[in-house]
Amino acid sequence: MGITSRAGLAGVLTCIATAAAVAPAAAAPAVPVNVPLGVLNTVLPFDAPTLHTGMPLPVPGAPDGPRYVKGNLLPHNMVPALPIESALPDTHIGTPLPDPLSGGTLGTPDLVSPGTALHTVTPGADLGAPLSEPRAALFGLPAVTLPEAGLTAPAVQSAPGATATF
């Protein structure tokens, strides 16, 4: 592959990465879902509640790749954590409240949860080699050390909320 082809490919990939990074998390797509609870009318002594929500579609981000650290044979962050952006969709739950005295309804209380951004990070792994860097005291040979292993913790960040109205 020639140098001009590589430069063109690098330019296209840079544009794609920039467009993906600019997209806000709040604009993450969600599939609307209406949960059919009408079958509960045969079991409940009142009208079944209604539930309108959505299924969030996760959008993976760019992982923080392995980095070489001076003094280590293996890179830091060997299995990188993957950030995933999504949005918790709007959720509406409503049910008519029956009036036991008149047989009608008192009203329809609603529980509404507005959509919020959701940021998650998958766990990552780090591994240390059982050998140290070459040492002058050992004539350029590495020393044997205890291997080290570690995991980065997963994370979930969001600010969900809900309001109840009658």
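No lab work stands behind these numbers, since they all come straight from the coordinates. Note that this is a predicted model, so its numbers are computed, not measured. Cβ: placed from backbone, ideal geometry, glycine included. Neighbour counts: every protein chain shown.
Hey, could you check the stretch 68-96 for residues that are among the aliphatic types (A, V, I, L, M) and in a loop (DSSP other than H, G, I, E, B) and say which is surrounded by the most Cβ atoms within 10 Å (Cβ to Cβ)? Lay out the reasoning, then the answer.
Step one: filter the stretch 68-96 for residues among the aliphatic types (A, V, I, L, M), giving 69, 73-74, 78-79, 81-82, 84, 87-88, 93.
From what is left, the residues that are in a loop (DSSP other than H, G, I, E, B) are 69, 73-74, 78, 81-82.
On the way: Val69: 11, Leu73: 15, Leu74: 16, Met78: 15, Ala81: 19, Leu82: 16.
In this case the residue turns out to be Ala81.
Conditions (1) in contact with a His (Cβ under 7 Å, 6 or more places away or on another chain); (2) assigned to a loop (DSSP other than H, G, I, E, B); (3) over 30 Å from His92 (Cβ atoms), marked per residue:
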{"position": "Leu111", "(1), (2), (3)": "no, no, no"}
{"position": "Ala117", "(1), (2), (3)": "no, no, no"}
{"position": "Asp126", "(1), (2), (3)": "yes, no, yes"}
{"position": "Ala129", "(1), (2), (3)": "no, yes, yes"}
{"position": "Ser132", "(1), (2), (3)": "no, no, yes"}
{"position": "Ala137", "(1), (2), (3)": "no, no, yes"}
{"position": "Pro147", "(1), (2), (3)": "no, yes, yes"}
